[in-house]
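Student: Structure provided below as structure tokens; questions to follow.
The values are calculated or read from the model by the stated rules, or taken from the named source; none is laboratory data. For clarity, every value in this text was computed on a predicted model and none was experimentally measured. Positions of Cβ are generated from backbone atoms using ideal geometry, with glycine treated the same way; all protein chains shown enter the neighbour counts.
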Amino acid sequence: MNVEDFLRPGSWLSKKSGPLYRQLSMRLERGISMGLLLPNTSLPAERDIADLTALSRVTVRKAIQELANKGVVEQRHGSGSFVKDRPSKVEQSLTHLTSFSEDMLARGYQTSAIWLERTIRRPSPDEVLTLGVSAGASVACLDRLREANGLPMAIERAVLPVDVLPNPDDVSSSLYEVLGRNGMRPVRAVQKISAINLEIREAELLGVDEGMAGLSIQRISYLDNGRAIELTKSTYRGDAYDFVAELRFSN
């Protein structure tokens with residue numbers, strides 16, 4: 001089947017099945033997932049899609065814009081819309097406490113980081129409350145863009161009391177490796193995961209379009225004595241991660 005045949009009106013397009021632009025957007029995305037529209041190739045022109053589907057140009061444009069907002073296609077001024085080369089999704093378990101570096105290395109990926117900030121500073125009110133430090137204390141701040149095989153994956157902002165991490169410059173790759181050497185590796189954590197749309201600064205760092213779906217993750221990590229020693233707020237690109245949890249029936 002070619003793209004033209006795939007887009008011709010049929011059972012997939014009905015006025016009773018919701019907004020027409022949404023149905024077209026879903027049809028185009030399915031064509032991409034099936035390999036009818038390959039990465040780095042252009043979508044048919046808006047006029048051609050309108051002719052094939054008997055939809056208005058406005059409806060077609062709205063469908064393509066939705067795909068752009070989701071990070072599925074890239075709109076290039078004067079050239080059209082192109083299928084983006086999307087990364088293979090990484091599945092991360094929610095039942096094991098591991099670092100980004102450990103997760104990626106276990107999958108055979110080469111990790112790297114672009115440092116945005118690595119410093120000692122005063123804690124924010126939220127950090128004072130979460131980490132149990134005084135407002136006049138100092139905390140170590142690690143702010144970096146995390147990459148796997150050269151692809152931006154997440155923006156990570158970790159804050160720890162200075163007695164846990166006296167020198168932020170000690171961290172070159174894995175934070176948990178450094179904490180482990182110092183006898184301060186956390187043994188449990190509480191994570192909160194929220195769906196977000198990436199703001200312009202986040203999107204620029206992650207190399208995706210503004211407004212694309214992402215994941216906001218807050219992690220508070222604890223020592224075995226119950227002390228909170230890490231507050232990390234991360235922003236993940238939504239097209240690169242699946243978080244998986246195993247659930248068991250409880251009587």
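Student: Could you list all residues from the range 202-251 that are at pLDDT below 90, over 27 Å from Leu151 (Cα atoms) and either surrounded by 14 or more Cβ atoms within 10 Å (Cβ to Cβ) or not basic (Lys, Arg) (or both)?
Tutor: Scanning the range 202-251 gives Glu246, Leu247, Phe249, Ser250, Asn251.
Student: Ok, one more. So Ser17 ticks every box in (1) over 12 Å from Thr59 (Cβ atoms); (2) surrounded by 12 or more Cβ atoms within 10 Å (Cβ to Cβ); (3) modelled with pLDDT of 85 or more but one. Which box is left unticked?
Tutor: The failed condition is (3).
Student: Here's something else I'd like to know. All but one of (1) within 22 Å of Met212 (Cβ to Cβ); (2) surrounded by 15 or more Cβ atoms within 10 Å (Cβ to Cβ) hold for Leu36; state the number of the condition that does not hold.
Tutor: Leu36 satisfies all of (1) within 22 Å of Met212 (Cβ to Cβ); (2) surrounded by 15 or more Cβ atoms within 10 Å (Cβ to Cβ) except (1).
Student: Considering only helices (runs of 4 or more DSSP H) fully contained in the range 15-91, which possess at least 1 residues that are touching a residue at least 60 places away in the same chain (Cβ under 8 Å), outside the structural domain of Met153 (by TED's automatic domain parsing) and over 22 Å from Asn2 (Cβ atoms)?
Tutor: Numbers: elements: 20-34, 46-53, 57-69.
Those helices (runs of 4 or more DSSP H) span 57-69.
Student: Among the numbered criteria (1) closer than 30 Å to Asp209 by Cα; (2) crowded, with 21+ Cβ neighbours inside 10 Å; (3) among the aliphatic types (A, V, I, L, M), which single criterion is violated by Leu145?
Tutor: Here Leu145 clears every test but (2).
Student: Could you run through the range 168-221 and say how many residues are hydrophobic (A, V, I, L, M, F, W, C), outside any helix (DSSP H, G or I) and under 15 Å from the mean Cα position of the chain (by Cα)?
Tutor: Count: 9.
Student: Further question on the same structure: Any residue that is at positive phi and assigned by TED's automatic domain parsing to the domain that holds Asp126 - is there at least one of those in the range 188-210?
Tutor: Just the residues of the range 188-210 that are at positive phi, to begin with: 207.
From what is left, the residues that are assigned by TED's automatic domain parsing to the domain that holds Asp126 are 207.
Taking every residue of the range 188-210 in turn, at least one turns out to be at positive phi and assigned by TED's automatic domain parsing to the domain that holds Asp126.
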